Amino acid sequence: MILKGKKGILLGVANHRSIAWGIFKSLQEQGAEVALTYMNERMKGSVDKLLAEQNITGVELLECDVSRQETIDATFKTIGEKFGKIDFVVHCLAFANKADLEGRFIDTSRDGFGMANDISAYSLVAISKAAEPYLAPDAGIVCLTYLGAERICNNYNMMGVAKAALEASVRYLAVDLGPKGIRVNAVSAGPVNTLAARGIAGFTKMLTIQEKVSPLRRINTQEEIGDAVMFLCSNLARGITAQTLYVDCGFAQVGVGPMEAYKLD
Ligand code: NAD
């Protein structure tokens with residue numbers, strides 16, 4: 001129960017396949033009180049159903065569309081005042097147009113580039129700022145990224161650029177918030193079959209390649225990613241900030257870029 005007495009907020013549960021759902025379970029299992037956000041009414045229905053199916057009650061649920069600053073401000077004001085202090089914030093969301101997750105990156109539209117960066121990267125800056133007045137002196141902020149931020153991955157295209165911006169934002173935010181004791185980190189997860197991931201052309205092939213070439217020769221589970229995020233939120237990670245932690249069965253370390261890996265089969 002390493003998070004007993006800790007309270008925080010997790011953005012990004014859409015359904016039972018969401019990486020955020022694995023994170024929610026890990027945080028809860030370690031004793032944390034976790035508020036959840038949903039993007040819109042349709043997503044609220046899905047999260048309500050999920051909690052009901054699992055007999056989970058008493059979870060604070062708030063609407064937060066990160067493309068709308070007013071919902072970010074309202075969410076953090078409500079949760080900050082309710083909890084008194086926020087011990088952790090988990091950012092587990094991203095979005096890009098489907099058209100910008102296939103074909104040639106050079107064809108990315110100006111609007112698509114801006115929107116994907118706004119929702120997937122700038123949102124971390126916005127929620128960190130909105131959370132700042134309420135963050136506990138040893139709070140942890142964690143976001144989710146992917147190897148496509150640093151290597152060429154087939155069709156990841158615009159999301160790779162947005163994740164690069166996200167990872168750089170982690171480092172700059174860590175420097176801003178570090179003097180207060182607040183840590184900011186990213187977890188780079190391997191491919192997981194989720195709603196968002198299925199928007200990437202050829203995604204199922206990424207799973208196959210991962211199973212073939214990663215040192216552990218398998219796909220990571222939601223629980224494994226959840227535990228890594230939970231660790232970074234906890235006091236056990238009190239000396240860790242401005243880092244990207246890879247939870248991808250070692251795929252990033254083997255020296256086989258996904259682009260080359262695509263040619264293996
Ligand atoms: P998911 O579809 O379950 O979750 C994506 C979430 O983003 C959804 O809850 C959706 O509502 C939310 N979202 C999109 N636009 C939003 C907005 N404007 N405001 C608020 N929320 C918004 O997919 P996932 O794969 O669990 O994605 C979670 C995170 O993990 C993302 O950052 C993703 O890039 C990252 N990630 C995923 C994989 C993978 O293979 N699935 C690998 C590495 C990293």
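The values are calculated or read from the model by the stated rules, or taken from the named source; none is laboratory data. Just so it is clear, the structure is predicted and the values come from calculations on it, not from any experiment. Don't worry about glycine lacking a Cβ; one is built from the backbone with ideal geometry, like all the others, and counts go over all protein chains shown. Protein only, heavy atoms only, side chains kept; ligands, DNA and RNA dropped before computing areas. Shrake-Rupley method; radii C 1.70, N 1.55, O 1.52, S 1.80 Å.
The table that follows gives values for the structure above.
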read-out: Residue within the range 183-191 that is crowded, with 23+ Cβ neighbours inside 10 Å, near the ligand (Cβ under 8 Å from one of its atoms) and not in a strand (DSSP E or B) present; value: yes
read-out: Residue satisfying condition, being within 13 Å of the ligand (Cβ to nearest atom), at negative phi, open to solvent by 10 Å² or more (accessible area, probe 1.4 Å) and not in a strand (DSSP E or B), within set Val66, Val47; value: Val66
read-out: Members of the range 1-30 found to be aliphatic (A, V, I, L, M) and more than 8 Å from the ligand (Cβ to nearest atom), listed by number; value: Met1, Ile2, Leu3, Ile9, Leu10, Ile23, Leu27
read-out: All positions within the range 20-40 that are touching a helix residue (DSSP H, G or I) at 6+ places or on another chain (Cβ under 7 Å) and not in a helix (DSSP H, G or I); value: Gln30, Val34, Ala35, Leu36, Thr37, Tyr38
read-out: Members of the range 87-118 that are without any contact (Cβ under 8 Å) to a residue 60 or more places away in the chain and open to solvent by 60 Å² or more (accessible area, probe 1.4 Å); value: Ala99, Arg104, Phe105, Ile106, Asp107, Arg110, Asp111, Phe113
read-out: Those residues of the range 124-148 which are touching a residue at least 60 places away in the same chain (Cβ under 8 Å), within 13 Å of the ligand (Cβ to nearest atom) and in a helix (DSSP H, G or I), in sequence order; value: Ala126, Ile127, Leu147, Gly148
read-out: Residue that is farthest from Leu135 (Cα to Cα), among those in the range 7-18 that are open to solvent by less than 50 Å² (accessible area, probe 1.4 Å) and touching a strand residue (DSSP E or B) at 6+ places or on another chain (Cβ under 6 Å); value: Val13
read-out: Some residue of the range 170-182 being modelled with pLDDT of 95 or more and within 10 Å of the ligand (Cβ to nearest atom); value: no
read-out: Exclusive hit being under 22 Å from Met115 (Cβ atoms) and crowded, with 23+ Cβ neighbours inside 10 Å, set Leu166, Leu195, Leu135; value: Leu166
read-out: Filtered residues of the range 157-190 (kept if of a type outside the set (A, V, I, L, M, F, W, C) and within 16 Å of the chain's Cα centre (by Cα)); value: Gly160, Lys163, Glu167, Ser169, Arg171, Arg183, Asn185, Ser188, Gly190
read-out: Residue count for the range 50-63, restricted to those that are within 21 Å of Ile127 (Cβ to Cβ), within 14 Å of the ligand (Cβ to nearest atom) and open to solvent by less than 60 Å² (accessible area, probe 1.4 Å); value: 2
read-out: Those residues of the range 69-107 which are under 19 Å from the mean Cα position of the chain (by Cα) and more than 14 Å from the ligand (Cβ to nearest atom), in sequence order; value: Ile86, Asp87, Phe88
read-out: Count of the range 27-37 residues which are surrounded by fewer than 23 Cβ atoms within 10 Å (Cβ to Cβ), within 25 Å of Ala197 (Cβ to Cβ) and of a type in the set (S, T, N, Q); value: 1
read-out: Selected residue (criterion: nearest to Val89 (Cα to Cα)) from residues of the range 204-223 that are in contact (Cβ under 8 Å) with a residue 40 or more places away in the chain and surrounded by 18 or more Cβ atoms within 10 Å (Cβ to Cβ); value: Gln222
